[in-house]
Amino acid sequence: MKLYQVALKEIIRRKIRVMYTSLGVIIGVTTIVAILTIALAGQIKINDELNKYGPNLMVTPAISDISMSLGGLSMGTLAVGENYIQDNVLPKVRQITDDLIRKGFKDRGIPFEDVGNIATIAPRLYTNADINGKKVIVVGIDPAEERKLRIWWNIAQGKYIEKEDEALLGTHAFGALKLNVGDTLLIGKKELTVIGVLEETASIDDYQIFIPLKTAQVAFGKEGSISTIDIRALCNACPVEDVARGINNEVAGVRAVAVKQIASAEMGMMEKTNNFLLVLAGITMIVGCLGVINTMMTSIHERVREIGIMKASGASQGQLIQVFLFEAIAIGVIGGIIGYIVGTIAAYIIGPLIFKGIVIRFVLEYLPISLVLAILASIFASIYPSFRASRIKIADAFRTL
Amino acid sequence: MILEAKNVSKIYGDGTAKVFALDNISLQVNEGDYIAVMGPSGSGKTTLLNVLGGLDRPTKGEIILDGMRIDNLNENALVNIRRGKIAYVFQEYHLIPSLTALENVMLPLIFSGSPDGTQKQRAIEMLGKVGLSRRANHKPTELSGGEQQRVSVARALVNNPTLILADEPTGNLDYNSGLEIQRLFDQLNEEGHTILMVTHDPEKASHAKRLILFKDGKIVEDKNQDDKK
Ligand SMILES: Nc1ncnc2c1ncn2[C@@H]1O[C@H](COP(=O)(O)OP(=O)(O)OP(=O)(O)O)[C@@H](O)[C@H]1O
Ligand SMILES: [Mg+2]
């Protein structure tokens, strides 16, 4: 029989008391796990929200009388000028962007999946067209890239553009033109099929007609031309300013602008809030530890006889401390596991009250973290009590009864 | 001579509240001795056993065990004495409730770091010696007082101590159980163990070869009673 087995038998006998002692650790770990779980889900949620604010970079012709603003809100009045970007700059723009983002990730030590194309690069060609007697803006897009960029686009009717002769309509354009899905649409010299309608986006997109870029270029006789390029770098840590500078330096005839980083500002707020909450959780943990110290001192009082017996049977101070450390580890394991479970459940309950529509996921990685934290905390809390226990004199231990 | 107390005093409290639990005691215990200590309640018998056995420190004087002073030893050195030279039997048995009889007997061997196999073998042997082999896997709460005290005697014997100190080992037991424990001590002494035992019962004391009478922290009489044996 080993010393830890003796300790374990005593722990099992005193299981209610041991559970009670671990309460302090449970509360501390619960708070930390709940905060971390909610914060992580909140970050994902905020990230998703922020993606809707638009691209990270906008590339426009260097000399342009188009006043482009965020989300293209002034597009309604634009006189689509004669300034275009040549679409043969696209490979160069992609290369510069991907290289700089890759470098940005590496410099910041952020792990990433290098799948070749990193950034989403969506060229657009804006043209005015007369359709059924109404003036409409027709936008030539790269359907695949555009879809990745405008993740908030949902199809209300029909489906998304798959072929060269298909058109996707903004909801108000669709209403104004009095068309049905499947109808034929004459744009310039081209006949296209209305393949789908977007749900309302509450943006200029609702008034536009989207067709494949190539088709638009041919239809309006603007082969090789594009009006803008939207670039999304996929991550908030990405150095969009660097990318903008790189494009401006190396690609002639374009002007790249980093879209104001709402994202980083928001994330900064989130991080500050998280830090504040973690400090609170840390305080909870410390208070929990004080609770553990307190209950442990009481339990030493209750066990003064056992301590006396062990000493009289030849236990050294070190061995007694070991027995108490085993108990601390048991308390830590109980506190860590229960704290993790309760904290996760609390996150599921409280999370949606803080962030509407949040999706809480349990984070298994927090379990080992909780265990280590709980064990360290309870060992820390039992240092003084076990030291005191090991110093109890046998004669006193038996007399206090 | 295995144990000697030289001018030992144990004083509790100070000022007017001063209690001389032991008042300048000198005493020699020889190998094979079987000593009964008697005296009124509060006369200092438990204190004597504690001080002799290194469970408590004397205020004054020297305790010499096997030619070595132990009264001034530090805690670590005292641990070694408890792991072989001196063993204790208490009135309240003092068994660990979560451990079986066998495990309680093994306890001193666990602390002294004996290998698992030896621990068990030795503990079974000692339980056999006190006649409790069949109760080896019972918890203390499943044993009678007399049985619990026999477990505690087995535990005391497991490290083969030079000296056994017993403080009223039959004090909590009914007549028959007390008698069994008493016979156990008689047998152990016949086998060569040195025993110093506190008792309130003159009949039990009469089993011992030597009787020490105690009063107010002083030895008032120390006589051989071989004749009675
Ligand atoms: N820790 C202590 N602090 C103060 N006084 C003490 C302490 N321990 C013992 N005493 C006192 O020392 C004296 C001797 O006590 P001790 O326990 O040795 O007596 P005893 O002979 O064993 O009595 P009993 O037969 O009742 O067990 C008593 O007056 C007691 O009150
Ligand atoms: Mg006493």
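Computed from the coordinates by the stated procedures, all read-outs in this text should not be read as laboratory data. This one's a predicted model, so the numbers in the text were calculated from it and none came from an experiment. Ideal geometry is used to build each Cβ from the backbone, glycine not excepted, and the neighbour counts take in all protein chains shown.
Numbers for the structure displayed
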quantity: FRET efficiency estimate (nearest 0.05) - Cβ-Cβ, A:N275 to A:E223, R0 35 angstrom; calculated: 0.05
quantity: Nearby lysines by direct alpha-carbon distance to B:K129 (threshold 19 angstrom, same-chain neighbours under 8 apart not counted); calculated: B:K120, B:K139
quantity: Gyration tensor verdict on the protein assembly as shown (Cα atoms; rounded if a/c is under 1.5, prolate if a/b is larger than b/c, oblate otherwise); calculated: prolate
quantity: Neighbour-count ranking [beta-carbon atoms within 10 angstrom, fewest first] of A:T127, A:T284; calculated: A:T284, A:T127
quantity: Pairs from B:K10/B:K85; A:K189/A:K214; B:K45/B:K215 whose Cα-Cα separation, in the structure shown, is over 18 Å; calculated: B:K10/B:K85
quantity: Cα gyration tensor shape of region A:78-258, rounded if a/c is under 1.5, else prolate or oblate by comparing a/b with b/c; calculated: prolate
quantity: Taking region B:3-228 and dividing mean pair separation by its residue count, relative contact order in percent (alpha carbons under 8 Å, at least six apart); calculated: 28
quantity: Selection from B:A5, A:N180, A:G318, by position along the positive dipole direction of the protein assembly as shown (Cβ); calculated: B:A5
quantity: For the protein assembly as shown, share of DSSP beta bridges that run antiparallel, in % to the nearest 5; calculated: 65
quantity: Ranking of B:D201, A:D230 by count of other Cβ atoms within 10 Å, fewest first; calculated: B:D201, A:D230
quantity: 0 to 90° range, to nearest 10: angle between helix B:116-129 axis and chain B longest Cα axis; calculated: 70
quantity: Kyte-Doolittle mean at least 1.6 and Cα axial length at least 20 Å: DSSP H helices in chain A; calculated: A:317-354
quantity: Proxy reagent accessibility, fewest Cβ within 10 Å first, across B:M106, A:M1, A:M58; calculated: A:M1, A:M58, B:M106
quantity: Radius of gyration and maximum dimension Dmax of chain B, Cα, Å; calculated: 17.4, 55
quantity: Between region A:314-355 and region A:279-300, the alpha-carbon center distance in angstrom; calculated: 11
quantity: Neighbour net charge for A:R14 - beta-carbon separation under 11 angstrom, K R +1, D E -1; calculated: +1
quantity: Surrounding net charge for B:M68, when Lys and Arg each add one and Asp and Glu each subtract one, Cβ distance under 12 Å; calculated: -2
